[in-house]
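What follows is a set of notes on a single structure, which appears directly below.
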Amino acid sequence: MPCGIRESLGGLEPGTKEAMQEETQSRHSDEALRASELRYRRLFETAQDGILIVDAHTGQITDVNPFLINMLGYSYDEFIGTPLWEIGPFKDVKECKLAFQELQEKEYIRYESLPLETKDGRSIAVEFVSNVYGLNGGMRVIQCNIRDITERKQAEDVRHRSDEESRRFFEANPVGSYVASPDGRLITCNSAFARMLGFASVEEAIKVDLFSLYPDRASRDVFLRRLREKGRLEYNEAELRRKDGSLVHAVEDAAVTFDERGELAQIHGCLMDASERKQIEQQILQAREKKPLFRLKTFLSQAGLGRTIVYVPGKQILFKQGKRGNAVFYILAGAVKLTVDSQGKESTIALLGPGTFAGKECLATVRPRSTASARTLTNCTILRITRKEMLRVIQDEKTFAAFFFDYLLARISRYQEVIMDHLFNSAEKRLARTLLLLGHFDDEGKPQLVIPKIHQEELAEVVGTTRARVSFFMNRFRKLGFVAYKGQSSITIRAPKLSSFVMAH
């Protein structure tokens, strides 16, 4: 304290000096309080989350920051003095008043995802956190922090739908599919896997050790050694033991995934019952009767006994899910989609182009009901082959039997690739692979493939993403020279470039 002031105070009565000191301290406290309030106000005004201040007793809004005004589109005056539950965005929230009463009692409430509606009618999702605190003078207020999580919620919904579609695809796969741990414990499998091995249900099947399905230790060791050496197994023929002890001749595809330490993490595999094919091969080998020369290309491109060429316009049904088929359809031109209806929701599981078969399930000894529906996407030219004729040519013509068997194996491999795509690859790579499959890109490797126009909504269903992302990727492919198209015209695929992109890590 300055000397002059100290001397002046020294001449005052003790009570007077104390009063002056208290007045000085009070003035400093008031200044500190004003500075604190100014800092809070700046934070309140510049916060990047919406903030509401509500009277804890009446529920009336006493303050709102600019961010929330911009978020919801209501003016400052529309907020101030209005009870919380009478503001437009909160009118449709169930039991709003009850939630307010709960907040008064517990002094804290939180909604991870609360649906609100802006003044212009847009629906948004917000994270809503409220807590009660007291002010000077005994007044209690509620501070509501509101964060817009719409984009995050939409991304979560897309990811959830993609996971659901991958699971439906996995279950609808007519080939027995499974995922197992390195020690052989089955993590999951589909119904086809359970049926093939004689189990009554998926739940019963996954209780079995994968390696116990091999009849001897040597077969199991060969399977594991090849997987560890190459990381995948293709077209491997093996005898597997069913639940009743009988053997089934199977063709298996398998691939492994590794953890961050490079150790085996999971085994993903597909099995196809090849017992009938084995019998057919034996019958063909035993046949001694000389037959006229069989020409595969002629058989698959011309009408004849049990074969009819039909021209089907777009959006026509070839066969329906749940029905027993009596013919196989070989696509000569156009595109066909396979869909599965589950609990009233239809999902596309595959797009088929020229050179592919639809309706193969009817060839089984006991004709199962179709697990999917087939509908033409574009105008199609299709060779319809009766079930009787298909069985005859498989049994009697070695060339066709080998061709058809190779085709089935290739489809198994492609189903495996699609499943792996949905589990591990980006939507962009899944779209690229879908385009190649539609163009019937194979080992002959034509430099350019042309596929008919297909709506981007159809591609989005198969890929497991949104139409907007498909549009973005297609524009990107066009800029990179992978594809060429204008508007809704047919798409020219530059196969080598697009295939290199798919195979790149």
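Scanning segment 312-350 for residues that are on the phi > 0 side of the Ramachandran plot and of a type in the set (S, T, N, Q) returns a single hit, 343.
Selection of segment 180-202 for residues being buried (at least 19 other Cβ atoms within 10 Å of the Cβ) and in a strand (DSSP E or B) yields 180, 186, 189.
Each residue in segment 78-100 was checked for being modelled with pLDDT of 75 or more and surrounded by 15 or more Cβ atoms within 10 Å (Cβ to Cβ), and 4 of them qualify. Looking across segment 355-372, the residues that are within 27 Å of the chain's Cα centre (by Cα) and surrounded by 19 or more Cβ atoms within 10 Å (Cβ to Cβ) come down to 356, 357, 358, 359, 370, 372. Answer yes or no as to whether residue 464 is at pLDDT below 85, touching a helix residue (DSSP H, G or I) at 6+ places or on another chain (Cβ under 6 Å) and farther than 22 Å from residue 331 by Cα. Answer is yes for this residue.
Take the conditions modelled with pLDDT under 80 and among the basic types (Lys, Arg) and apply them to residue 429. Does it pass? For residue 429, the condition - modelled with pLDDT under 80 and among the basic types (Lys, Arg) - is not met. In segment 155-177 there is at least one residue matching the filter, namely being of a type outside the set (Gly, Ala, Ser), under 30 Å from residue 52 (Cα atoms) and surrounded by fewer than 17 Cβ atoms within 10 Å (Cβ to Cβ).
In this entry, residue 75 passes the filter for residues that are at pLDDT 70 or above and either surrounded by fewer than 16 Cβ atoms within 10 Å (Cβ to Cβ) or touching a Pro at 6+ places or on another chain (Cβ under 6 Å) (or both). Taking the conditions (1) of a type in the set (A, V, I, L, M, F, W, C); (2) closer than 21 Å to residue 401 by Cα; (3) under 25 Å from the mean Cα position of the chain (by Cα) in turn, residue 255 satisfies each one other than (2). Selection of segment 390-404 for residues being surrounded by fewer than 18 Cβ atoms within 10 Å (Cβ to Cβ) and closer than 16 Å to residue 356 by Cα yields 402, 403. If you go through segment 264-284 and keep only what is among the charged types (D, E, K, R) and without any contact (Cβ under 8 Å) to a residue 60 or more places away in the chain, you end up with just 278.
Is it the case that residue 205 is in contact with a helix residue (DSSP H, G or I) (Cβ under 9 Å, 6 or more places away or on another chain), in the same structural domain as residue 171 (by TED's automatic domain parsing), small (Gly, Ala, Ser) and touching a residue at least 12 places away in the same chain (Cβ under 8 Å)? Criteria met by residue 205. Cβ separations smaller than 6 Å between residues 6+ apart or across chains give the following pairs from segment 360-375 residues that are acidic (Asp, Glu) to residues that are surrounded by fewer than 18 Cβ atoms within 10 Å (Cβ to Cβ): 361/368.
The values are calculated or read from the model by the stated rules, or taken from the named source; none is laboratory data. Source: prediction; values computed, not measured. No Cβ is skipped: glycine too gets one built from the backbone with ideal geometry, and neighbour counts run over all protein chains shown.
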